[in-house]
Amino acid sequence: MKRFESQLKTSLVVTICLLLIGCDQMAGESKAPSASEMPPAETVSKSVNKPADPITFVDFEIGNGLPPMKVPADNPITPEKIALGKKLFFDTVLSVDNSMSCATCHDPEQGWGNGEKFAEGASGIRGKRNVLTIMNAGFYKYLFWDGRVKTLEEQALVPVYEPTEMGMKSESELIKRIGENDEYKTLFTEAFDDGITAANIAKSLATFQRTIYVKETPYDRYVAGDKTAMSKSAIRGEKVFFNRRKANCGSCHPAPMFTDQRPYNIGIGMDASEPDWGFHHTKGWAFWGKFRSPSLRGIDQTAPYMHDGSLATLEEVVDYYDRGGIDHEYTDVAIQNVGLTRMSERDKKDLVAFLREGLREIKDGE
Ligand code: HEC
Ligand code: HEC
């Protein structure tokens, strides 16, 4: 029995690793550290060695008070690529048995996530990370909960080849399948000089995803001068959100994107028997259990929350922070401070109103 358990555990870890990481850096690290293996938090160096970045980016101006999007210079946004990328995103041709598309897990009806704690891959084995929405993904400097990928181009084909996700065996198989469809032949010829290639599939998927972001929120209108754009409760909630002596959410989730894109360990999942290592996989001990601070624009649409999907509602999120999170040696001090000044029941209600109503997406024509 024991043997079976440990085999099951190993195969689960390997599968999760394949599903999520892609996964060279995890090889040989398939076990969570025991307490004795972990250096004490205070001895861990905070320095980061940033590798040189060979990709050249060009600013794509968005307007509406939002920062420009950084788009790789060799993949400018064009209407042809958007149209092609959209078709690919919703097409099950990208999975080996025609069973799933990107939208199976990134469903526009579910805020471009899947509305569940975890995702079921083609093999039916559950991953251990919550599906990230692709909304606002074009604004991030690095992708995934643990920031292990730099561009949407680099990310796009990861799930396609994962045995536990879309399971495509090879590049040639992928290109052959897409080439069998005449409509794709035309769309690729219109979008690119060199037709159907794996790089062009990635480029068009990336381009389509850059168009999926929360363009306008009641908060944006409020800041631009429309004082009726948010309810009284949401206006009070905004003050709680940014107040350094109260919730201080703005320190890690600053406007207008409501993310500073930095990694933190806010204690989520730290009480698990084998916590998720987060950024540690690529950056070392100083980053153990840290995850990227996500954008909160459109946050009303993407429950459940956090990398492990452990918080079901925005009320639960606010309660979590108010308690000071799950205490752990590696947890960031900033999050412990959120709990130091308790919020009143009204503060919490108003804060939820701000997140839910103030940061929701205003639909076209509203
Ligand atoms: C089986 C479910 C599943 C399928 C199918 C899937 N994804 Fe994902 N996606 C996930 C999960 C889970 C994550 C979060 C993984 C992590 O952070 O480690 C994710 C993360 C992402 C992110 C990162 C977003 C961010 O803010 O960093 C992008 C972009 C993305 N997926 C695009 C795609 C594309 C494009 C496809 C189709 C080619 C696709 N996904 C297919 C489950 C899926
Ligand atoms: C120390 C930095 C920090 C502070 C302060 C902070 N957050 Fe976060 N927030 C994060 C990080 C990092 C995550 C992702 C954590 C994870 O999944 O492990 C997160 C996740 C979230 C999520 C879930 C997002 C999703 O897509 O699942 C919400 C909602 C949220 N924070 C709201 C708030 C609110 C409200 C406050 C103030 C009460 C706040 N945050 C304060 C860093 C911070």
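The table that follows gives values for the structure above.
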{"item": "Helices (runs of 4 or more DSSP H) wholly inside the stretch 159-240 that include at least 1 residues being under 29 Å from the mean Cα position of the chain (by Cα) and closer than 24 Å to G63 by Cβ", "result": "198-210, 218-223"}
{"item": "Some residue of the stretch 73-82 being at pLDDT 95 or above and basic (K, R)", "result": "yes"}
{"item": "Filter pass, T302 being surrounded by fewer than 20 Cβ atoms within 10 Å (Cβ to Cβ), within 13 Å of ligand 1 (Cβ to nearest atom) and either more than 19 Å from D319 (Cβ to Cβ) or among the polar types (S, T, N, Q) (or both)", "result": "no"}
{"item": "Residues of the stretch 209-256 that turn out to be farther than 15 Å from R356 by Cα and among the small types (G, A, S), as a count", "result": "6"}
{"item": "Of all residues in the stretch 263-288 being within 14 Å of ligand 1 (Cβ to nearest atom) and farther than 18 Å from F118 by Cβ, the one that is surrounded by the most Cβ atoms within 10 Å (Cβ to Cβ)", "result": "F279"}
{"item": "Among residues of the stretch 250-262, those that are at pLDDT below 95 and either within 13 Å of ligand 1 (Cβ to nearest atom) or in contact with a Gly (Cβ under 8 Å, 6 or more places away or on another chain) (or both), counted", "result": "0"}
{"item": "Those residues of the stretch 79-113 which are in contact (Cβ under 8 Å) with a residue 60 or more places away in the chain and of a type in the set (V, I, T), in sequence order", "result": "I82, V93, V96"}
{"item": "From P39, P67, P51, residue being assigned to a loop (DSSP other than H, G, I, E, B), modelled with pLDDT of 95 or more and surrounded by fewer than 17 Cβ atoms within 10 Å (Cβ to Cβ)", "result": "P67"}
{"item": "Verdict on H307 being more than 10 Å from ligand 2 (Cβ to nearest atom), in the same structural domain as Y222 (by TED's automatic domain parsing) and farther than 16 Å from C249 by Cβ", "result": "no"}
{"item": "Where V317 falls short, out of the listed (1) within 13 Å of ligand 1 (Cβ to nearest atom); (2) in contact with a Leu (Cβ under 6 Å, 6 or more places away or on another chain)", "result": "(1)"}
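Condition check ((1) within 28 Å of E361 (Cβ to Cβ); (2) over 16 Å from the mean Cα position of the chain (by Cα); (3) outside any loop (DSSP other than H, G, I, E, B)) across all residues:
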{"site": "D260", "(1), (2), (3)": "yes, no, no"}
{"site": "S273", "(1), (2), (3)": "no, yes, no"}
{"site": "H281", "(1), (2), (3)": "no, yes, yes"}
{"site": "D300", "(1), (2), (3)": "yes, no, yes"}
{"site": "A303", "(1), (2), (3)": "yes, no, no"}
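The values are calculated or read from the model by the stated rules, or taken from the named source; none is laboratory data. If you're wondering where the values come from, they're calculated on a predicted model, not measured in any experiment. Methodologically, a virtual Cβ is constructed for each residue, glycine included, from the backbone with ideal geometry; neighbour enumeration extends over all protein chains shown.
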